[in-house]
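Engineer: Could you have a look at this structure, given as structure tokens, before my questions?
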Amino acid sequence: MTNLILFGPPGSGKGTQAEKIVNEFNLLHISTGDLFRYEMGNNTPLGQEAKSYIEKGELVPDEVTIGMLKNKVNANPDVNGYIFDGFPRNVNQAEALDEFLQGKRTEVSVLISLDVDEDEIVARILNRGKTSGRPDDNDESIIRNRFEVYLNETSPVFDYYDKKGKSVKVKGIGSIEEIFNRLCDEINKVC
Ligand code: UDP
Ligand code: MG
């Protein structure tokens, strides 16, 4: 199995690139953010709980997110591997993911981080907000808070996998095709 963590700040292009990687490598794309939006769209109890955090740009509590992620993986066992997009969001989630995959006799192959600076992020997300219909994309203070949460809670996940020799950085500025080619070079090393 090839299990990728596609990593990087909000708006760094994870979702866009994950779609392209899926076509090339036949992996299952799991975006916890998309799963939450699906639940919110259906107004489920999980969606209602997630909403109160997402509208502030805070992280949804770990047990909720980890439980949802495990359900999605368990429901799709017959794949070549997974692309985790937007998860793990903190070190506790990373530890839970490792333990979960170990129980399935597999592991994270590589974490690839898309490197994009904060001003570019804010500009991209505000632009995306014109069409995404996402309230958390339309308010600069919420976007800045999401970036803060990324720096404080999520970026240590890079170091966590770096210590295991599994983290790489890829320049996240350029055309979609250029960035995709950079990602493919890294994925081919672990496939
Ligand atoms: N979120 C979360 N945990 C996750 C994924 C998403 O708490 O594992 C919440 C968080 O509030 C985040 C929002 O959902 O700001 C949107 O996440 P998503 O990954 O879709 O946004 P992106 O970072 O890709 O812009
Ligand atoms: Mg995303």
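The values are calculated or read from the model by the stated rules, or taken from the named source; none is laboratory data. Fair warning: this is a prediction, and the values are worked out from it, not measured in the lab. We place every Cβ from the backbone using ideal geometry, glycine too, and count neighbours over all the protein chains shown. When the accessible area is computed, the model is the full protein with side chains, heavy atoms only, and any ligands, DNA or RNA have been set aside. Shrake-Rupley method; radii C 1.70, N 1.55, O 1.52, S 1.80 Å.
Engineer: Condition first: over 14 Å from the mean Cα position of the chain (by Cα) and open to solvent by 70 Å² or more (accessible area, probe 1.4 Å). Now tell me which residues in segment 107-116 satisfy that.
Structural biologist: Correct list: Glu107 only.
Engineer: Within segment 80-94, identify whether any single residue is away from ligand 2 (no atom under 16 Å from the Cβ), more than 23 Å from Asn188 (Cβ to Cβ) and surrounded by fewer than 17 Cβ atoms within 10 Å (Cβ to Cβ), and answer yes or no.
Structural biologist: yes
Engineer: Among the residues of segment 143-182, what is the count of those that are away from ligand 2 (no atom under 15 Å from the Cβ) and part of a helix (DSSP H, G or I)?
Structural biologist: Of the residues in that region, 18 qualify.
Engineer: Could you list all residues from segment 13-29 that are within 11 Å of ligand 2 (Cβ to nearest atom) and of a type in the set (Val, Ile, Thr)?
Structural biologist: Scanning segment 13-29 gives a single hit, Thr16.
Engineer: Restricted to segment 109-118, and to residues that are of a type in the set (A, V, I, L, M, F, W, C) and touching a Lys or Arg at 6+ places or on another chain (Cβ under 6 Å), which residue is nearest to Arg89 (Cα to Cα)?
Structural biologist: Top of the filtered list is Leu111.
Engineer: Something else: Need a quick list: helices (runs of 4 or more DSSP H) entirely within segment 1-114 having at least 3 residues that are within 12 Å of ligand 1 (Cβ to nearest atom) and touching a residue at least 24 places away in the same chain (Cβ under 8 Å).
Structural biologist: So the answer is 14-25, 32-41, 62-74, 91-103.
Engineer: Here's a follow-up. Looking only at segment 152-190, filter to residues that are among the aliphatic types (A, V, I, L, M) and touching a residue at least 60 places away in the same chain (Cβ under 8 Å); which one of those is surrounded by the fewest Cβ atoms within 10 Å (Cβ to Cβ)?
Structural biologist: Ranking the candidates gives Ile176 first.
Engineer: Mind telling me which of the residues Lys70, Lys104 ends up being open to solvent by 80 Å² or more (accessible area, probe 1.4 Å) and away from ligand 2 (no atom under 15 Å from the Cβ)?
Structural biologist: Among Lys70, Lys104, only Lys104 is open to solvent by 80 Å² or more (accessible area, probe 1.4 Å) and away from ligand 2 (no atom under 15 Å from the Cβ).
Engineer: Between Asp136, Asp119, which is of a type outside the set (A, V, I, L, M, F, W, C) and without any contact (Cβ under 8 Å) to a residue 60 or more places away in the chain?
Structural biologist: The conditions single out Asp119.
Engineer: Now for a different question. Given the conditions (1) away from ligand 2 (no atom under 16 Å from the Cβ); (2) modelled with pLDDT of 95 or more; (3) open to solvent by 70 Å² or more (accessible area, probe 1.4 Å), which single one is not true for Asp119?
Structural biologist: So the condition that Asp119 fails would be (2).
Engineer: State yes or no: is Asp137 more than 16 Å from ligand 2 (Cβ to nearest atom) and over 15 Å from the mean Cα position of the chain (by Cα)?
Structural biologist: Judged against the criteria, Asp137 is not a match.
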